[in-house]
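Following: one structure in structure tokens, then a few remarks.
The values are calculated or read from the model by the stated rules, or taken from the named source; none is laboratory data. None of these values were measured; they are calculated from a predicted model. Note that each Cβ is placed from the backbone with ideal geometry, even for glycine, and that neighbours are counted across all protein chains shown.
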Amino acid sequence: MSEVSRVLTFDDLKRITGYARRADVERTLHEQGIRIFRGRTGPWTTVELINQAGGLKAGTQEQYGVEIL
């Protein structure tokens, strides 16, 4: 899997959280301890940062990939 495919865009985050407004998406991710970055087209994050917020360590077999979307 390429590094680009491990980035979750604002559209991905809207679908995952169920919210459409940028502020709602950002608030939800912040409340869950997921680090986000703010880009021109909206917030984005990575699968690794979501796994990290869930308590999974880098390099473990338990990490979820973007194919779960």
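Restricting the first member to the stretch 26-55 and to residues that are among the acidic types (Asp, Glu), and the second to residues that are outside any helix (DSSP H, G or I) and loosely packed, with under 12 Cβ neighbours inside 10 Å, the beta-carbon pairs closer than 7 Å and six or more apart or on different chains are Glu48/Ala58.
Checking the stated criteria, Glu48 turns out not to satisfy the condition of being modelled with pLDDT under 95, part of a loop (DSSP other than H, G, I, E, B) and out of contact with any His (no Cβ under 8 Å at 6 or more places or on another chain).
Considering the stretch 1-45, the residues that are among the polar types (S, T, N, Q) and in a helix (DSSP H, G or I) include one that is farthest from Glu67 (Cα to Cα), namely Thr28. Given the criterion at pLDDT below 75 and at positive phi, identify the matching residue among Gly59, Gly33, Gly55, Gly65. Going through Gly59, Gly33, Gly55, Gly65 in turn, the sole match is Gly59. As for the stretch 10-20, it holds no residue that is basic (Lys, Arg) and either within 19 Å of Leu56 (Cβ to Cβ) or modelled with pLDDT under 95 (or both).
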